[in-house]
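Data block below; observations after.
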Amino acid sequence: MNQIVALMGTVVVCAIGVAGSAFGATEPTPSHQPLVAAFHIHSAVSTGSLTLDELAERAERMGIDALILSENFVLRYEYGVPPLRGVFRRSVSLPSVVQHGIGRFLKEIEETQARHPRVLLVPGVEVGPHYYWTGSLLDRNLTMHNTQRNLLVFGLVREEDYQALPVTGNDGSSQFGLAAVANMLPALLLLPALWLWRHRSYRSVRVGVVVHRVERRHRIPATGLAVAAMLLSANAWPFATPVFSQYDADLGDRPYQAVIDVVSAHGGVAVWSMPEARDVSVHAFGPLGTVTVKTDPYTDILPRTTGYAGFGGVYQDTRTAAEPGGIWDRLLADYLAARRTAPPFAYGEIAFHTPGEAGIELNQVLNVLRVRERSVAGVVEAMRTGRVYAVAEPNRVLGWRLERFDVGIDDGERTATSGDVFTRNGAEDVAIRVDVSGSAAGQKPVTLVIVRSGQVVARTTGNLPLSQRFVDRALPAGHGAYYRVEVHGEGEILSNPIFVKPGSAGPS
């Protein structure tokens with residue numbers, strides 16, 4: 001059980017922009033500036049090995065402008081044997097923000113930021129909203145599900161915002177209602193127990209011709225009631241009830257949607273982490289058999305939940321969600337058809353814990369953001385609006401960058417980039433312009449793909465630097481669409497979409 005959290009992989013941040021300073025990008029638009037960020041970072045506060053200072057120093061040496069932290073929020077797991085789950089139970093706790101102290105965590109980020117002003121530190125947590133148990137120890141098939149079905153949360157600024165997260169294991173979100181009152185009722189058994197302990201009754205016993213008055217004490221039933229009261233009270237302690245019980249396997253998506261809703265209500269951003277990663281481990285418990293801890297891939301939850309900003313689209317694991325025509329394109333199509341209120345964006349995730357662990361380094365998966373200002377608020381706004389693209393470089397020597405990605409009319413007078421909406425006039429043909437470069441130019445060919453509404457409409461293969469100009473004459477007048485870009489080779493680039501809507505105005 002103490003190895004429950006074996007975090008794998010890396011999640012992706014994708015939305016398009018102009019390449020950042022670490023990549024030698026071209027000049028950004030006047031209202032935005034490029035910022036290179038690593039997303040999903042753990043420090044020694046939770047399950048990482050480096051301190052916040054060491055992370056900031058490492059990022060500065062690598063030319064990374066910002067670290068979006070994703071410390072484990074709470075890693076406390078518990079199983080109790082029925083019917084007295086609260087008495088006969090085992091708990092396992094691993095380092096987390098809740099264990100460290102939420103206020104202390106936020107204060108340490110503030111102090112580290114003051115010592116390392118060149119690297120922006122964005123507070124954030126990795127949240128596992130709910131896990132649940134099936135099977136039993138007696139049947140030797142006890143299984144804990146969904147410990148790694150996680151959301152990455154950032155943009156929360158107050159301690160109470162974190163305390164409000166309805167997460168299994170977070171006592172700050174426990175409820176004191178009718179169920180809590182019911183949990184306290186067994187304590188009332190102490191009253192009749194005390195009465196019985198002190199009460200005396202008498203009966204007459206005839207022995208021959210003599211009648212004796214015999215005193216009766218009720219210590220045994222009194223002791224039984226007292227023991228029952230203490231056991232039942234201990235079983236219900238603490239009396240406040242969690243929002244979602246780990247013994248309820250029928251909650252579906254409710255715990256996850258609840259976290260997303262709370263994060264949104266407090267001005268934060270929630271991102272689904274590594275939805276196609278699989279995590280399975282088996283732990284031996286002697287004569288009681290084994291306990292299986294498992295999380296299956298969960299892309300199916302993406303269309304069933306709303307209000308989240310996006311998901312990990314680029315990370316070091318098997319991925320299909322961002323393939324043309326895949327689940328991401330279906331979600332974007334739903335937004336275009338007004339079946340979703342906001343589009344989900346894709347991000348690059350590194351899931352960094354320890355240098356070199358599982359072959360992962362801090363700068364192998366990065367996100368290039370276009371921010372209005374170099375601040376936490378600027379990062380949150382860029383991530384929420386999709387002004388970001390993800391770049392993965394396993395060897396960290398390619399220097400790939402998306403110099404340009406825009407959509408507009410053919411003469412270039414009106415254009416839009418990721419995070420913008422381009423409004424076409426009538427039957428105007430839409431022109432897509434893409435430029436990709438890298439420091440290892442010309443060594444091995446790469447493939448550049450332009451995707452329109454889930455279909456590949458242009459594909460170019462060649463050596464870097466590589467440019468693509470494509471005029472889409474097949475988009476009917478009065479129809480909307482979206483365009484996004486993928487680049488594949490020794491590395492990978494994934495952009496976020498630019499939406500094209502019919503109308504009479506320029507880019508919004």
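The values are calculated or read from the model by the stated rules, or taken from the named source; none is laboratory data. These numbers were taken from a predicted model, which means no experiment stands behind them. Every residue, glycine among them, receives a Cβ derived from its backbone with ideal geometry; neighbour counts consider all protein chains shown.
So which of Thr423, Thr417, Thr447 is more than 26 Å from Tyr335 (Cβ to Cβ), outside the structural domain of Asp334 (by TED's automatic domain parsing), in contact with a Ser or Thr (Cβ under 8 Å, 6 or more places away or on another chain) and of a type in the set (Ser, Thr, Tyr)?
Thr447
Out of all the residues in the stretch 143-166, is one or more more than 20 Å from the chain's Cα centre (by Cα) and either under 20 Å from Ala249 (Cα atoms) or not assigned by TED's automatic domain parsing to the domain that holds Leu75 (or both)?
Checked the stretch 143-166: at least one residue is more than 20 Å from the chain's Cα centre (by Cα) and either under 20 Å from Ala249 (Cα atoms) or not assigned by TED's automatic domain parsing to the domain that holds Leu75 (or both).
For Ser281, which of the numbered conditions (1) of a type in the set (S, T, N, Q); (2) part of a strand (DSSP E or B); (3) surrounded by 19 or more Cβ atoms within 10 Å (Cβ to Cβ) fails to hold?
Ser281 satisfies all of (1) of a type in the set (S, T, N, Q); (2) part of a strand (DSSP E or B); (3) surrounded by 19 or more Cβ atoms within 10 Å (Cβ to Cβ) except (3).
Say we look at the stretch 99-115 and pick out the residues that are surrounded by 13 or more Cβ atoms within 10 Å (Cβ to Cβ) and among the hydrophobic types (A, V, I, L, M, F, W, C); which of these is nearest to Thr168 (Cα to Cα)?
Among them, the one singled out is Ile102.
Need a quick list: strands (runs of 3 or more DSSP E) entirely within the stretch 435-495 having at least 1 residues that are under 32 Å from the mean Cα position of the chain (by Cα) and surrounded by 14 or more Cβ atoms within 10 Å (Cβ to Cβ).
Ranges flagged: 446-452, 481-488, 492-495.
Listed here are the residues, each with its yes/no results for (1) free of Cβ contacts under 8 Å to residues at least 12 places away in the same chain; (2) under 15 Å from Leu152 (Cα atoms); (3) over 20 Å from the mean Cα position of the chain (by Cα).
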residue	(1), (2), (3)
Thr305	no, yes, no
Tyr315	no, yes, no
Leu331	no, no, no
Arg339	yes, no, yes
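Do we have any residue at all in the stretch 285-292 that's within 19 Å of Tyr347 (Cβ to Cβ) and either buried (at least 21 other Cβ atoms within 10 Å of the Cβ) or modelled with pLDDT of 95 or more (or both)?
No, every residue in the stretch 285-292 fails to be within 19 Å of Tyr347 (Cβ to Cβ) and either buried (at least 21 other Cβ atoms within 10 Å of the Cβ) or modelled with pLDDT of 95 or more (or both).
Considering Ile360, Ile350, Ile327, which residue is crowded, with 21+ Cβ neighbours inside 10 Å and either over 21 Å from Gly419 (Cβ atoms) or in contact with a Ser or Thr (Cβ under 7 Å, 6 or more places away or on another chain) (or both)?
Answer to the selection: Ile350.
If we keep just the residues of the stretch 342-383 that are part of a helix (DSSP H, G or I) and of a type in the set (D, E, K, R), which is modelled with the lowest pLDDT?
By that ranking, first place goes to Glu357.
Can you pull out the strands (runs of 3 or more DSSP E) entirely within the stretch 68-168 that have at least 1 residues that are β-branched (Val, Ile, Thr)?
Ranges flagged: 89-94, 120-122, 124-127, 132-134, 143-145, 151-154.
Can you tell me which condition Arg424 does not meet? The list is (1) part of a loop (DSSP other than H, G, I, E, B); (2) in contact with a Pro (Cβ under 9 Å, 6 or more places away or on another chain), and all the others hold.
It fails just one condition, (1).
Looking at the stretch 319-341, which of its residues are under 21 Å from Gly478 (Cα atoms), assigned to a loop (DSSP other than H, G, I, E, B) and aliphatic (A, V, I, L, M)?
Ala337, Ala338
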